[in-house]
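What follows is a set of notes on a single structure, which appears directly below.
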Amino acid sequence: MHTIAVVDDDPITRETLKAYLEGEGYRVMLARDGDQLSALLARGRIDLLLLDIRLPGKDGLAVTRELRAASNIGIILITGRSDRMDRLIGLELGADDYITKPFEPREILARTRSLLRRIVKPTRPAGGRVKRFDGWELHLDKRRLRGPDGEDARLTSAEFELLAAFVENPGRVLSRDDLLDLTLRGDSVPYDRSIDRLVRRLRRVVEQDPADPTRIVTVHGMGYMFQAAVD
């Protein structure tokens, strides 16, 4: 049973989502602010957050920033219609998706299921497929990226899927539409420019100089290409 935390200062929103998601078979925990969420996280595993941006005290963007520094937990931001800039900042900080108020619970359910399919994988035997490039190792089955220093690099689920798409298609120019199809299948990123943000974030991880990339290069007018040799 997957565990979802609903973090919203509106008790009606919290209880509505709790009743609906529990009816669909999820375990649901509730928090009204960042402090209560921290207490929940300290008590046990949470697979996914439904996180309101407009929280009292520490807002949802600050919570997203802190979590992404230490965790790959799934994050769906809940935003108002006027929060477009905050939505973009939230995606830059590592949120996986967002949904706008007022929303239909069925839309929340669809996005939740989609994200959980990507971030919660069945247990597989040790070993599995590994792609190597320039001293890096991408463990496709274990969903881990190990750097040349032997340390694991932190990737969000979306960043992992994007890197996997690149290393499985080295030397091939991939358009934004190609990358959406290969990674998120169009069901959790609202428009193709989100790929540009993911590329920028991924370059910060795997490039020596993100401003002058040599592995994930831009092919102007066409898309992106992974230039490193992969084995």
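The values are calculated or read from the model by the stated rules, or taken from the named source; none is laboratory data. Small disclaimer: the values here were computed from a predicted structure and weren't measured. Quick reminder, even Gly has a Cβ in these numbers, built from the backbone with ideal geometry, and neighbours come from all protein chains shown. Note: areas computed on protein heavy atoms with side chains; ligands, DNA, RNA excluded. Shrake-Rupley method; radii C 1.70, N 1.55, O 1.52, S 1.80 Å.
Select from segment 41-66 the residues that are free of Cβ contacts under 8 Å to residues at least 40 places away in the same chain and either surrounded by fewer than 20 Cβ atoms within 10 Å (Cβ to Cβ) or in a helix (DSSP H, G or I) (or both) and list them in ascending order. Walk me through it before giving the result.
First, the residues of segment 41-66 that are free of Cβ contacts under 8 Å to residues at least 40 places away in the same chain: 41-43, 53, 57-59, 61-62, 64-66.
Those that are free of Cβ contacts under 8 Å to residues at least 40 places away in the same chain and either surrounded by fewer than 20 Cβ atoms within 10 Å (Cβ to Cβ) or in a helix (DSSP H, G or I) (or both): Leu41, Ala42, Arg43, Gly57, Lys58, Asp59, Leu61, Ala62, Thr64, Arg65, Glu66.
Of all the numbered requirements in (1) touching a Gly at 6+ places or on another chain (Cβ under 7 Å); (2) at pLDDT 90 or above; (3) acidic (Asp, Glu), Glu137 misses one, and that requirement is (1). Within segment 1-40, the set of residues being assigned to a helix (DSSP H, G or I), crowded, with 16+ Cβ neighbours inside 10 Å and either free of Cβ contacts under 8 Å to residues at least 24 places away in the same chain or of a type in the set (D, E, K, R) (or both) comprises Arg14, Lys18.
Quickly run through segment 165-175 and pick out the residues that are open to solvent by less than 10 Å² (accessible area, probe 1.4 Å) and out of contact with any Gly (no Cβ under 9 Å at 6 or more places or on another chain). Lay out the reasoning, then the answer.
Our first condition is that a residue be open to solvent by less than 10 Å² (accessible area, probe 1.4 Å); within segment 165-175, this holds for 165-167, 174.
Scanning segment 165-175 gives Ala165, Phe166, Val167.
A residue that is closer than 17 Å to Thr156 by Cα and assigned by the TED database to the domain that holds Ile108 occurs nowhere in segment 16-36.
On the basis of being outside the structural domain of Leu77 (by the TED database) and either crowded, with 20+ Cβ neighbours inside 10 Å or modelled with pLDDT under 95 (or both), does Val217 make the cut? So Val217 does not fit the description; no. Test Asp181 against the stated conditions and say whether it is modelled with pLDDT under 90, more than 15 Å from the chain's Cα centre (by Cα) and not basic (Lys, Arg). Against the criterion (modelled with pLDDT under 90, more than 15 Å from the chain's Cα centre (by Cα) and not basic (Lys, Arg)), Asp181 qualifies. In segment 67-86, which residues are of a type in the set (A, V, I, L, M) and either assigned to a loop (DSSP other than H, G, I, E, B) or open to solvent by 30 Å² or more (accessible area, probe 1.4 Å) (or both)? Correct list: Ala69, Ala70, Ile73, Met85.
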